[in-house]
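See structure below.
The values are calculated or read from the model by the stated rules, or taken from the named source; none is laboratory data. These numbers were taken from a predicted model, which means no experiment stands behind them. Cβ placement follows ideal geometry from the backbone for every residue including glycine, while neighbour counts extend to all protein chains displayed.
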Amino acid sequence: MATLNVNGQTLTVDVEDDTPLLWVLREQLGLTGAKYGCGIAQCGSCTVHVDGAPVRSCVFPVSALSGTAKITTIEGLSKAGDHPVQKAWAELDVPQCGYCQPGMIMAVAAMLKTNPNPTDEDIDAEITNICRCGTFVRVREGVHLAKTKKA
Amino acid sequence: MTNVLNHLSRRTFIVGTGAAGLTIGVLAACSKPGDPGQSDLEPNPEVNAWVHIGHDDIVTVRIARSEMGQGTLTGLAQLVAEELECDWDKVVTEYPTPGENLARERVWGDFSTGGSQGLRGSHQYVREGAAAARIMLVEAAANEWGVPVSECSVSKGVISHTGSRKKTTYGKVASAAALLAPPLEVQLKDPKDWTIIGQPKLRLDTADKLTGVQVYGADLKLDGMLNASIKASPKLGGKVKSFDAAAVESMPGVKKVVQVGDDAVAVVADTWWRANKAVQALPVEWTGGLDYSSAAFEAELDDGLTSADAFLGNKAGDTAAAFADAAQVIEATYRVPHQNHAPMETMNATAVWTPEKCEVWCPTQNGEAALAAAATAADLPIEQCDVYKLHLGGGFGRRGMSDYVVQAVQIAKQMPGTPIKLLWSREEDMQHGFLHPTTKARMRGALDADGNLTALHVRISGQSILAALMPQALRDGADYATFQGLLPSGLDPRVEDQTLKYTFPNLLVDHAMRNPPVRPGFWRGVNANQNAVYLECFMDELAHAAGRDPLEFRLAHLQDSPKSATVLNAVAKESGWGSNDGKARGLCSFYSFGSYTAACAEVTVDEDGYLKIDRIVAATDPGNAVNPQQIEAQVQGSFVYGLSAMLYGEITFEDGEVQERNFDRFNSMRIADMPKVKTLVMPSGGFWGGVGEPTIAVAAPAVLNAIFAATGKRMRHLPLKDQSLRDA
Ligand code: FES
Ligand code: FES
């Protein structure tokens, strides 16, 4: 049994302790925005926020969460899909297949919270998600555009 | 037992875009995107196979090809909207199913999505279908008003009669139009009158990808569904001897342990996490299999570099005589390894099987092949099966194969009536790919005393894709696909889009086929990837040996292909080729999938040999450019795919087992590795070239040539990882 606060709601799930947060979100809670890409913290497709910090949820056992941790997934990033990152992404047509993008958007949103004005070097250091479609040029443009947008 | 099937009948399973968004199991027959639920109105019938228009004027365009990120869905909708003369802001899309296509005598044509054929392979009939719909809609309005069609015009889905100033909309006449006979002949618009084709329209499928709403195959959930994780023999060709189901049956959530075919086992559980944990814990005894080793196979590839047995690909003049007369003979050997496709979404399919029916939901690049494979695995007539396509989390050629569909059906068949979602772990995906073939090439060039290239011999040694996957396509044993981009013109109309654009006085291109026991596949760009490396890096070597400028040296052999010269000159000019600014630059020119492409890369290699790819200027002439901003995205994306392979990508086998089983050892580029990309979209009109694949070929050679310009060292073996870019 684990109690989680996800996107502002408190929920109880019946899972083994070692179940990664990713699979609790996807399978117990039906929040399939966070994706499985590698399961070993390499690709970032599964990125969600735990107390505002980006976390690769595929290697984050649900038992490691404190009862008060606030989890935010792509579904809860904004009410109407209008977070500055989402707006910038829509304007620049960033996604290709889109599979990596929930993780990419969550990683970028977390970076902008602690560093509202990232340089290209900051982006290189912070955003290490894999995108096999290769959207990186527009991801970078999108970060710079998102900086200028209000929620 | 058939609950799920009824719940997700065709009418309620529609993948839509734009205004309607993705809707699964929500839309009832009377509330298609085109019908906003007015209870007093019968929904409009389709105008024809390509187009449905609702009472609210929403235009639903039927898309036969698969969307995997390449933007084909939006591009095809643009083609339809152009000829239909509808309001672009009211366009949504849906996938017809392969089963419907079969039942309607393949009215939507080919579903397969590969070879950069999405638009160029279907533009004609798609546009004709839309033009026919427009003619029928206008005729319906004219009939209603009792006026001649010639006095009516249409713009953005609004039909007007000049004399009476009457107006109506497509939505109002759609059901009358559906009753009219289609026109026997249609006239397509002159490209100069296009207003939607050629515009940088935003994609129709973006919104749901930003909010987590987009449902991929991996996300699908059906009522009563169980989840499966699979493990196939880690050794090439190995089979299941036995497995101890009892050892895992009591693990949490486990419902069933099954054998899948003769080479795999799977666990079915309530959740995938539990299924996967159990399948990893399942004791399995494997039998047989091959002790294939990539390292050992190098010797066979080397043998093919000089052996007498070789298939002829292209020939001009007398190379032997020219080599005998040469002032200078230059020789070099190149090598490319196996690659996995590794799309971000691992292979998956969801199947439900009963003795009467089999249905499959899956991301596939080839709906019709998936349906045929499902029917065979289900042991049911194809008419009793169907496949519902979902957007792909990447394809790159991998999802043209149906192995994972077969497995899902094989599992579902052992649990009749229960929908089973089979999702591969990344480790499974890495171990059981259809790999980009491995080849080597021995390049030889003859230069005369004035530095002119008098002869070129390209000897390719290595794996044939067709020999393994489509042996019927071999010609007297030869695989012409191996010669992609190096073929002579006029050989066969089917490969005219993959021909060599250089003119050489004496030329020999041949292939010694050396097939490892590894299944090859079509990997984005296919054989253009390595053939461009071989040809274009060696052209650079020859120019250098001849003491000539690599741009001028190439142009001297492009006299018969002005379009190639135009894109090459454009990248050279844009990047400042020849300027004395100290930047290390490399060029590449290539033609494949019917498009003329070129690149100029700028790199920095520091003293420790650390590579930074600063910028690539790319140009493409695809004839008609349907959506320039999506072409730009495809150029950028194809560079990431191609350069990831050049830098890091390699699948190796030891004792018959894949060694790279996840992204820790099969690395992929990150944003920090990404160069700036400047894309010159240069459509010269009059033909339809590909977009998703052709530019991948020019990235790696341009970068490799730029590395030489920076360091003086030729990097001929890929990938570059673990090699020093500078001589010690
Ligand atoms: S799935 Fe978590 S980092 Fe790849
Ligand atoms: S958009 Fe397809 S993997 Fe990133």
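Structure values in brief
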| quantity | calculated |
| --- | --- |
| Number of positions in segment B:394-429 that are away from ligand 2 (no atom under 16 Å from the Cβ) and either of a type in the set (Gly, Ala, Ser) or not in a loop (DSSP other than H, G, I, E, B) (or both) | 20 |
| Residues of segment A:12-28 satisfying the condition of being surrounded by 18 or more Cβ atoms within 10 Å (Cβ to Cβ) and of a type outside the set (Phe, Trp, Tyr) | A:Val15, A:Thr19, A:Pro20, A:Leu21, A:Leu22, A:Val24, A:Leu25, A:Arg26, A:Glu27, A:Gln28 |
| Among the residues listed as B:Gly212, B:Gly224, B:Gly217, the single one being touching a helix residue (DSSP H, G or I) at 6+ places or on another chain (Cβ under 7 Å), buried (at least 21 other Cβ atoms within 10 Å of the Cβ) and at pLDDT 95 or above | B:Gly212 |
| Subset of segment B:58-73 that is within 16 Å of ligand 2 (Cβ to nearest atom) and assigned to a loop (DSSP other than H, G, I, E, B) - its residue that is surrounded by the fewest Cβ atoms within 10 Å (Cβ to Cβ) | B:Ser66 |
| Output for segment A:70-93, where each listed residue is touching a Leu at 6+ places or on another chain (Cβ under 8 Å) and more than 8 Å from chain B (Cβ to nearest Cβ) | A:Ile71, A:His83, A:Pro84, A:Val85, A:Ala88, A:Glu91, A:Leu92 |
| Condition met for A:Thr47 (within 7 Å of chain B (Cβ to nearest Cβ), at negative phi and within 16 Å of ligand 1 (Cβ to nearest atom)) | no |
| Any hit, segment B:669-676, residues being farther than 23 Å from A:Ser45 by Cα and not in a helix (DSSP H, G or I) | yes |
| Check on A:Val55, more than 12 Å from chain B (Cβ to nearest Cβ), assigned to a strand (DSSP E or B), crowded, with 18+ Cβ neighbours inside 10 Å and of a type in the set (Val, Ile, Thr) | yes |
| Only listed residue being at pLDDT below 95, among the hydroxyl-bearing types (Ser, Thr, Tyr) and more than 30 Å from B:Glu657 (Cβ to Cβ), chosen from B:Tyr170, B:Tyr125 | B:Tyr125 |
| Segment B:548-574, subset assigned to a loop (DSSP other than H, G, I, E, B) and of a type in the set (Asp, Glu), residue surrounded by the fewest Cβ atoms within 10 Å (Cβ to Cβ) | B:Asp560 |
| Within segment B:149-263, strands (runs of 3 or more DSSP E) holding 1 or more residues that are more than 14 Å from chain A (Cβ to nearest Cβ) and more than 31 Å from the chain's Cα centre (by Cα) | B:152-155, B:158-161, B:167-169, B:239-243, B:254-260 |
| Exclusive hit being outside any loop (DSSP other than H, G, I, E, B) and crowded, with 22+ Cβ neighbours inside 10 Å, set B:Leu119, B:Leu102, B:Leu76 | B:Leu76 |
| Strands (runs of 3 or more DSSP E) lying entirely in segment B:304-393 (those with 1 or more residues that are closer than 26 Å to B:Thr454 by Cβ and more than 29 Å from the chain's Cα centre (by Cα)) | B:311-316, B:328-336 |
| Answer from A:Ala41, A:Ala34, A:Ala64 - the residue that is within 16 Å of ligand 1 (Cβ to nearest atom) and modelled with pLDDT under 95 | A:Ala64 |
| Some residue of segment A:53-60 being touching a Pro at 6+ places or on another chain (Cβ under 7 Å), assigned by TED's automatic domain parsing to the domain that holds A:Thr128 and within 14 Å of ligand 1 (Cβ to nearest atom) | no |
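Here's the yes/no breakdown for (1) within 16 Å of ligand 1 (Cβ to nearest atom); (2) more than 22 Å from B:Ser122 (Cα to Cα):
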{"position": "B:Ala633", "(1), (2)": "no, no"}
{"position": "B:Gly637", "(1), (2)": "no, yes"}
{"position": "B:Gly642", "(1), (2)": "no, yes"}
{"position": "B:Glu657", "(1), (2)": "no, yes"}
{"position": "B:Arg670", "(1), (2)": "yes, yes"}
{"position": "B:Asp673", "(1), (2)": "no, yes"}
{"position": "B:Val681", "(1), (2)": "no, no"}
{"position": "B:Gly690", "(1), (2)": "no, no"}
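Okay, residues lined up against (1) closer than 25 Å to A:Gly39 by Cβ; (2) of a type in the set (Lys, Arg); (3) touching a residue at least 12 places away in the same chain (Cβ under 8 Å); (4) outside any helix (DSSP H, G or I):
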site	(1), (2), (3), (4)
A:Ala90	no, no, no, no
A:Pro95	yes, no, yes, yes
A:Pro102	yes, no, yes, no
A:Ile105	yes, no, yes, no
A:Leu112	no, no, yes, no
A:Ile130	yes, no, yes, yes
A:Arg138	no, yes, yes, no
A:His144	no, no, no, no
